[in-house]
Amino acid sequence: MRRFHRGSGLSPPFDESTEMARLVIVSNRVPAPRDRNQSAGGLAVALRDAVRRRDCLWFGWSGNVVTANTPPEPRITLAGRTTFATLDLSESDYRGYYRGFANGMLWPLLHSRVGLSEFRRNDFMAYNTVNAVFARALAPLLLPDDLIWVHDYHLFPLGQALRDREIACPIGFFLHVPFPPPALFNCLPQADTLLRTLAAYNVVGVQVAEDAENLNALLHKLDIPICASAFPVGIDPEAFSKVARRAQNGPEVIRLAESLIGRTLILGVDRLDYSKGLPHRFRGFSQLLRRFPECRKHVRYLQIAPVSRGDVAQYRALRRELDELVGTIDGEYADFDGTPLRYLTRSVGRATLAGFYRLAHVGLVTPLRDGMNLVAKEYVAAQKPDDPGVLVLSRFAGAAQELDGAILVNPYDPDEIAEALHAALTMPREDRQAHWRTMREAVWRNTAGAWATRFLSELEHPAPHAARCMS
């Protein structure tokens with residue numbers, strides 16, 4: 001088997017004759033084969049390069065919820081070099097594993113929103129049960145020399161569940177969301193139990209060094225012989241740039257441009273989630289209009305926020321709050337020829353989004369906490385080199401560690417957001433070009449392919465635990 005040099009940060013040249021171990025990807029949700037290249041972001045996009053380079057098995061939840069409580073059997077679909085294997089969840093497992101522990105407890109906790117976390121012992125039991133069910137269904141599908149890559153907070157214990165079934169393949173785990181300071185994570189009942197399952201992995205990856213430091217402090221305290229390392233995730237910037245260039249002449253982008261009537265566009269694109277800081281962002285935009293009245297007739301802000309987890313009370317409350325804020329802002333600052341804030345809660349296609357990014361003079365990305373935030377990197381990749389836009393970015397997004405050319409803000413301060421927007425709107429072209437070139441270098445250097453190569457190289461050639469902990 002051909003091996004690649006560890007730590008080079010470069011994607012190896014693809015050779016059809018190269019023999020590589022099969023890659024087994026395990027994630028909570030599995031993209032439908034027909035949709036995996038059209039996703040507007042997320043895991044499917046980040047892993048596209050790794051999936052393209054070798055034979056793969058992608059295993060996880062189908063997204064279907066069924067009434068039967070019988071042990072599920074995986075549904076197998078072949079698409080090119082990738083085999084998709086999916087399981088349905090029962091209604092009780094969906095409530096306990098997915099809505100309860102994963103998204104009712106872990107998601108807010110990992111985003112440092114302890115007050116929104118709700119722990120129920122039954123949910124924790126369901127979470128472990130579903131991970132064990134995943135392991136039981138996955139084990140017969142594995143080959144002895146597979147590389148197994150487990151993704152995200154839904155599946156912390158899966159590695160241990162596989163080891164319990166005597167699976168000896170290398171297993172890696174990557175956490176896509178932030179990891180909070182130890183004092184916050186210890187608010188989780190059963191925190192030590194959950195952390196000890198990480199000892200089953202050969203490699204544990206997180207987005208940025210701060211997340212690794214937070215997690216390693218807890219692992220060290222518990223004497224768990226594994227250390228997390230930072231593997232910042234990227235995008236395929238060259239491909240996305242091409243999509244944006246094609247899309248700029250598409251009907252949707254032309255329609256948006258014509259609707260602006262010469263006004264400057266500020267664009268935000270986020271899932272409708274409380275971690276994204278949308279109410280704070282709307283208040284920041286309102287402060288821009290109040291404090292800099294010259295902007296009122298010259299600026300339009302479009303926020304695209306597809307609804308997610310709409311059956312959860314906290315998300316319904318967030319949507320009501322945003323609806324009220326939009327009404328208040330537009331009621332105060334609208335004119336007879338339009339409203340300053342446009343707000344969509346439906347999805348927009350990836351190609352159309354790329355064209356919108358290219359059109360927008362300002363990309364507004366201000367999450368309260370985010371593991372990385374690939375929207376920020378996509379915005380950079382979509383820009384026109386001769387006339388780029390300006391990225392206004394939360395200092396609490398992982399992407400802020402790489403994108404030095406962005407205007408960084410504290411998203412909790414509406415006035416700081418307003419001042420950053422004003423600075424972005426008035427920045428001379430030469431300065432915008434300089435800021436963009438700095439960010440472009442980072443985005444083109446740390447691609448999705450380079451991220452996957454670094455992680456998988458580490459998984460194929462794992463350093464001794466002690467050496468990794470000291471690095």
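The values are calculated or read from the model by the stated rules, or taken from the named source; none is laboratory data. On a predicted model such as this, the values are computed, not experimentally measured, just so you know. Cβ sites come from the backbone with ideal geometry, for glycine too, and all protein chains shown count toward neighbours. Calculation scope for accessible area: heavy atoms of the full protein, side chains included, ligands and nucleic acids excluded. Shrake-Rupley method; radii C 1.70, N 1.55, O 1.52, S 1.80 Å.
Go through region 359-391 residue by residue and tally those that are β-branched (Val, Ile, Thr) and either within 18 Å of the chain's Cα centre (by Cα) or part of a loop (DSSP other than H, G, I, E, B) (or both).
Here the count works out to 4.
If ARG300 meets every condition in (1) assigned to a helix (DSSP H, G or I); (2) surrounded by 15 or more Cβ atoms within 10 Å (Cβ to Cβ) apart from one, which number is that one?
Tallying (1) assigned to a helix (DSSP H, G or I); (2) surrounded by 15 or more Cβ atoms within 10 Å (Cβ to Cβ), ARG300 fails exactly one: (1).
So which of ALA217, ALA209 is over 13 Å from ILE148 (Cβ atoms) and free of Cβ contacts under 8 Å to residues at least 60 places away in the same chain?
Within the list ALA217, ALA209, the selection yields ALA217.
Given the conditions (1) open to solvent by less than 10 Å² (accessible area, probe 1.4 Å); (2) over 29 Å from TYR412 (Cβ atoms); (3) part of a helix (DSSP H, G or I); (4) not acidic (Asp, Glu), which single one is not true for PHE124?
Condition not satisfied by PHE124: (1).
For GLU416, are the conditions met, namely being touching a strand residue (DSSP E or B) at 6+ places or on another chain (Cβ under 8 Å), of a type outside the set (A, V, I, L, M) and open to solvent by 30 Å² or more (accessible area, probe 1.4 Å)?
yes
In a helix (DSSP H, G or I), modelled with pLDDT under 95 and among the aliphatic types (A, V, I, L, M), is that true of ALA466?
For ALA466, the condition - in a helix (DSSP H, G or I), modelled with pLDDT under 95 and among the aliphatic types (A, V, I, L, M) - is met.
Does region 327-358 hold any residues that are of a type in the set (Asp, Glu) and part of a helix (DSSP H, G or I), and which are they?
Residues satisfying the conditions are ASP330, GLU332.
With a cut-off of at least 2 residues that are open to solvent by less than 10 Å² (accessible area, probe 1.4 Å), name the strands (runs of 3 or more DSSP E) lying wholly within region 172-289.
Counting at least 2 such residues, we get 203-206, 264-269.
If the Cβ limit is 8 Å and pairs must be 6+ apart or interchain, which residue in region 434-463 that is without any contact (Cβ under 8 Å) to a residue 60 or more places away in the chain pairs with which residue that is in a helix (DSSP H, G or I)?
From residues that are without any contact (Cβ under 8 Å) to a residue 60 or more places away in the chain, the pairs are TRP436/VAL380; MET439/VAL380.
For every residue, the table says whether it meets (1) in contact (Cβ under 8 Å) with a residue 60 or more places away in the chain; (2) of a type in the set (D, E, K, R); (3) under 21 Å from VAL206 (Cα atoms).
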residue	(1), (2), (3)
LEU109	yes, no, yes
ASN122	no, no, no
ALA137	yes, no, no
LEU142	yes, no, no
LEU155	yes, no, yes
GLY172	yes, no, yes
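Run LEU393 past the list (1) crowded, with 24+ Cβ neighbours inside 10 Å; (2) over 16 Å from GLN303 (Cβ atoms) and report the number of the one that doesn't hold.
(2)
Among the residues that make up region 306-316, is at least one of them of a type in the set (Val, Ile, Thr) and modelled with pLDDT of 95 or more?
no
I'm checking my understanding of the structure. Among residues of region 58-73 that are in contact (Cβ under 8 Å) with a residue 24 or more places away in the chain and surrounded by fewer than 21 Cβ atoms within 10 Å (Cβ to Cβ), which one is farthest from ASP211 (Cα to Cα)?
THR67
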